[in-house]
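Novice: This is the structure, below, for whatever I ask next.
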Amino acid sequence: MTRRILVLSAGLSQPSSTRMLADQIAQATAAQIGARGEEAQIEVIELRELAMDLATTMATGGIPTPHLSEVKERISAADGLIAVTPVFTASYSGLFKMLFDSLDTNALNNMPVIIAATAGTARHSLVLDHALRPLFSYLRATVVPTGVFAATEDFGSGEAGHDLSSRVQRAASEFAALVVAEKSGVGGFVPNIGDQRKRDSGVQLSQTVTPFAQLLKGRTGTAG
């Protein structure tokens, strides 16, 4: 089975250390899913390319552009999410937050997620647990226990680089186990997936529409 993994990179520069970390995690994830007998289809979305769409959406009261609507559907349809942001003012970037503000509250229900962040110094590493984890918990995603933080020094080839690689591998292993896990349980012991809250991008309109004639009939029937 092929698992669709979506990678969200909120880096602004090019090349970007945020994108470098995102690619490293994605590569490790693909290997871990492959080791479990399945295939990973990796798709990367650079959030800087959505900046105008996100700004327009916010300025119009939350009405998404066609491009952003497409992205939102791809996010909800994924089997897992890798979310990587640079640290700005001790938290995730504004662009990163704008994307998740635009999502429906049911968009990430039960979705496996790896959270990751980059910064110039290790002093910002608490952003994973103080900012990112609460955000995804609110959206009811399933965040893997191991978050990945990388300071500038972690991209070297020394001990710091080895430690980063170890964290990436551990997070990818936890993530892959969730992604390929069976989605149905033994009756009476584990809830079936149908009993869990389903994901909804919020883009598609409800198919249940009351005909106008019926609405008019109901209104005239109460008159008098």
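Novice: Could you check how many residues of region 77-92 are under 17 Å from E39 (Cβ atoms), surrounded by 17 or more Cβ atoms within 10 Å (Cβ to Cβ) and out of contact with any helix residue (DSSP H, G or I) (no Cβ under 6 Å at 6 or more places or on another chain)? Outline the logic, then answer.
Specialist: Applying the first criterion (under 17 Å from E39 (Cβ atoms)) to region 77-92 yields 77-80, 82.
Going one step further and asking which of them are surrounded by 17 or more Cβ atoms within 10 Å (Cβ to Cβ), we end up with 78-80, 82.
Among the residues that remain, those that are also out of contact with any helix residue (DSSP H, G or I) (no Cβ under 6 Å at 6 or more places or on another chain) are: 78.
Final tally of qualifying residues: 1.
Novice: Another question about this same structure. From L95, L132, L164, grab the single residue that is crowded, with 21+ Cβ neighbours inside 10 Å and not small (G, A, S).
Specialist: Just one listed residue meets the conditions, L132.
Novice: Here's another thing I want to ask about it. Specify the residue that is farthest from A171 (Cα to Cα); the eligible residues are those in region 37-54 that are open to solvent by 60 Å² or more (accessible area, probe 1.4 Å) and either among the β-branched types (V, I, T) or in a helix (DSSP H, G or I) (or both).
Specialist: Looking only at region 37-54, we keep the residues that are open to solvent by 60 Å² or more (accessible area, probe 1.4 Å), and these are 37, 39, 41-42, 48-49, 52.
From what's left, either among the β-branched types (V, I, T) or in a helix (DSSP H, G or I) (or both): 42, 48-49, 52.
Values: I42: 16, R48: 25, E49: 27, M52: 32 Å.
Within region 37-54, the match that is farthest from A171 (Cα to Cα) is M52.
Novice: Please tell me if T57 is open to solvent by less than 20 Å² (accessible area, probe 1.4 Å) and assigned to a strand (DSSP E or B). Step through it out loud before you land on a result.
Specialist: Values: open to solvent by less than 20 Å² (accessible area, probe 1.4 Å): yes; assigned to a strand (DSSP E or B): no.
The answer is no for T57.
Novice: Could you count how many residues in region 4-36 are touching a residue at least 12 places away in the same chain (Cβ under 8 Å), open to solvent by 20 Å² or more (accessible area, probe 1.4 Å) and either farther than 17 Å from E174 by Cβ or not polar (S, T, N, Q) (or both)?
Specialist: 10
Novice: Could you grab me the full set of residues in region 75-97 that are at negative phi and assigned to a loop (DSSP other than H, G, I, E, B)?
Specialist: Listed by number, the residues that qualify are A78, D79, S93.
Novice: Among residues belonging to region 135-161 that are closer than 18 Å to A28 by Cα and modelled with pLDDT of 95 or more, point out the one that is most open to solvent (accessible area, probe 1.4 Å).
Specialist: Ranking the candidates gives P145 first.
Novice: Further question on the same structure: What are the residues in region 98-115 that are buried (at least 17 other Cβ atoms within 10 Å of the Cβ) and more than 11 Å from the chain's Cα centre (by Cα), if any? I'd like the intermediate steps shown before the answer.
Specialist: Let us first name the residues in region 98-115 that are buried (at least 17 other Cβ atoms within 10 Å of the Cβ), namely 98-100, 102-103, 107-109, 111-115.
The answer is M98, S102.
Novice: Mind checking whether some residue in region 63-71 is surrounded by 21 or more Cβ atoms within 10 Å (Cβ to Cβ), assigned to a helix (DSSP H, G or I), within 12 Å of the chain's Cα centre (by Cα) and on the phi < 0 side of the Ramachandran plot?
Specialist: Yes, region 63-71 contains a residue that is surrounded by 21 or more Cβ atoms within 10 Å (Cβ to Cβ), assigned to a helix (DSSP H, G or I), within 12 Å of the chain's Cα centre (by Cα) and on the phi < 0 side of the Ramachandran plot.
The values are calculated or read from the model by the stated rules, or taken from the named source; none is laboratory data. Not measured: the values here are computed from a predicted model. Glycine also receives a Cβ, built like all others from the backbone with ideal geometry; neighbour counts cover every protein chain displayed. What goes into the accessible areas is simple: the full protein's heavy atoms, side chains included, and nothing from ligands, DNA or RNA. Shrake-Rupley method; radii C 1.70, N 1.55, O 1.52, S 1.80 Å.
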